[in-house]
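First up is the structure itself, then whatever we jot down about it.
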Amino acid sequence: MTDSTAPAPSPTVQALLADLPVFDAHHDAIQLTLDLGHDLAVGAPGQFDLPRARRGGVGASVFACWVDGHFALPGAPVGSAARAHALIDALHGLCAEHPDQVRLVRTAADLERARTDRVHGAVCGIEGGHAIENRLEELERFAERGLRCMTLVWNNHLPWIRSCQPNAGAGVPEGIDDFGRQVVRRMEELGVMVDLSHAGERSVYDVLDVATKPLIASHSGCNAVRDHRRNLDDDQLRAIAANGGVVGIVFHPGFLDEDATEDMKRVRHGAEYRAAKGANYTETYLAESAVMQAQAAPFALGRVVDHIQHAVEVMGIEHVGIGSDYDGIEHAPQGLEDASGFGALAEALLARGFTKGDVRAVLGGNMRRVFGMVLPR
Ligand SMILES: [Zn+2]
């Protein structure tokens, strides 16, 4: 188990986090349960588990069931839908085994009740619309099993939506196609939050054209601060704000800062990183992450605040949140090495001139509000 190196927050921040106001809109921790058997209620070797989340004031989060693009390729050992269902099984298991610590959130009332009961509210998410295997029926089955947030597309293009990656090739629409519009409409009917992170530029606007409810980009940064295809430009930020939505600022140094991207490349080319191996994909990822965190230049938490501040200036304070991408990022900022570190982020925001109310809105209040509007009653 990793212990946070973050110093204890000030009494002001301790009081601010005491009722667990943080809502982290994106982490990939549940794969550590499915692939490596870690009980997140006890502890895990990655960046997110429930004891550390609690120390960091995290009262709710989206457990993203991330489906790697290779599951969508012919010859994959299991298909994309099966992989997502297995991850959802793992989340159901966690909630069933530890009802005193974590509860699956199916309705807006569940989200509120988890908060008042001081139990972690687990929103079930899927990252990668390939999980529905081009069938609305599969989406409906996921929703029956508790799916309440779906990142429409990951880094692999789909026949119905283009991702942010270049070079899509034939058969991929410029934005979304008619089936893509049906997916968005059905998600809204089912009370499943639409998540635009990873979507291509035109896809973002196409989805906003269809959307009748607020939506999120769960884990992205601002192009104006660091130009990167995974980030959003000011027009996109304004369009999401106009829709009533919220952008969760990601903690990944590679998206937030160009020098950090170059530095991470340097580590990846090193012998120790290349020698890091595990018994399966997830174990290899953890081994590589350990090398990355040890060898990459420390990444200043203030850079995260730069992106938050820019998003607030463009969108307004009600439209900015947090999506750490813990257990999906190999390197994390100083003080935010794991989910226990949100106090350090709160300190940095206060030091930058945010009020206590602003800090609570950004760390969780805004995400809570939009999920409350979209989830079934
Ligand atoms: Zn992602």
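The values are calculated or read from the model by the stated rules, or taken from the named source; none is laboratory data. Note that the structure is a prediction, hence the values are computed from the model and not measured. Every residue, glycine as well, gets a Cβ built from its backbone with ideal geometry; the counts of neighbours run over all protein chains shown.
Provide a single number: the residues in region 179-214 that are within 16 Å of the ligand (Cβ to nearest atom) and either without any contact (Cβ under 8 Å) to a residue 12 or more places away in the chain or assigned to a loop (DSSP other than H, G, I, E, B) (or both). Selection size over region 179-214: 4.
Each row is one residue, and each column tells you yes or no for (1) outside any helix (DSSP H, G or I); (2) farther than 23 Å from Asp263 by Cα; (3) aromatic (Phe, Trp, Tyr).
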| position | (1), (2), (3) |
| --- | --- |
| Ile329 | yes, no, no |
| Ala332 | yes, no, no |
| Leu336 | yes, no, no |
| Ala344 | no, yes, no |
| Glu347 | no, yes, no |
| Gly353 | yes, yes, no |
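Taking the conditions (1) touching a strand residue (DSSP E or B) at 6+ places or on another chain (Cβ under 9 Å); (2) touching a residue at least 40 places away in the same chain (Cβ under 8 Å); (3) surrounded by fewer than 22 Cβ atoms within 10 Å (Cβ to Cβ); (4) small (Gly, Ala, Ser) in turn, Ser218 satisfies each one other than (3). Here is the figure for region 209-259: residues that are under 23 Å from Trp66 (Cα atoms) and over 18 Å from the mean Cα position of the chain (by Cα) total 0. So, in region 49-66, exactly how many residues are touching a strand residue (DSSP E or B) at 6+ places or on another chain (Cβ under 9 Å) and over 16 Å from Gly335 (Cβ atoms)? Number satisfying all stated conditions: 10. Contact list please: Cβ distance under 7 Å, first residue in region 25-48 and closer than 18 Å to Cys124 by Cβ and free of Cβ contacts under 8 Å to residues at least 12 places away in the same chain, second residue crowded, with 23+ Cβ neighbours inside 10 Å and of a type in the set (Asp, Glu), pairs at least six apart or on different chains. Taking only residues 6 or more apart or on different chains, not a single pair turns up.
Return the total of residues in region 264-277 being under 22 Å from Arg303 (Cβ atoms) and buried (at least 19 other Cβ atoms within 10 Å of the Cβ). So that I can check it myself, show each step before the final result.
As a first pass, look at region 264-277 and keep what is under 22 Å from Arg303 (Cβ atoms): 264-268.
Among the residues that remain, those that are also buried (at least 19 other Cβ atoms within 10 Å of the Cβ) are: 264, 267.
Result for region 264-277: 2.
Of the residues examined, Phe251 is not one that is under 29 Å from Met187 (Cβ atoms), within 16 Å of the ligand (Cβ to nearest atom) and part of a helix (DSSP H, G or I). On the basis of being modelled with pLDDT of 95 or more, more than 16 Å from the ligand (Cβ to nearest atom) and either buried (at least 24 other Cβ atoms within 10 Å of the Cβ) or at positive phi (or both), does Ala82 make the cut? No: the conditions fail for Ala82. With respect to (1) within 17 Å of the chain's Cα centre (by Cα); (2) under 28 Å from Val305 (Cα atoms); (3) buried (at least 24 other Cβ atoms within 10 Å of the Cβ), the lone exception for Val192 is condition (2). Per this entry, Tyr285 is counted among residues that are in a helix (DSSP H, G or I), out of contact with any strand residue (DSSP E or B) (no Cβ under 8 Å at 6 or more places or on another chain) and within 16 Å of the ligand (Cβ to nearest atom).
Condition check ((1) farther than 14 Å from Ala60 by Cα; (2) surrounded by 14 or more Cβ atoms within 10 Å (Cβ to Cβ); (3) at pLDDT below 95) across all residues:
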| position | (1), (2), (3) |
| --- | --- |
| Ala96 | yes, no, no |
| Arg103 | no, yes, no |
| Val119 | no, yes, no |
| Arg141 | yes, yes, no |
| Arg145 | yes, yes, no |
| Val153 | yes, yes, no |
| His157 | yes, yes, no |
| Arg162 | yes, yes, no |
| Gly169 | yes, no, yes |
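Sub-6 Å Cβ pairs linking a first residue in region 323-343 that is aromatic (Phe, Trp, Tyr) to a second residue that is within 11 Å of the ligand (Cβ to nearest atom), at least 6 apart or interchain, are Tyr326/His27, ordered by first then second residue. The listed residues are Asp24, Asp3, Asp39, and the only one of them that is of a type outside the set (Lys, Arg), modelled with pLDDT of 95 or more and more than 16 Å from the ligand (Cβ to nearest atom) turns out to be Asp39.
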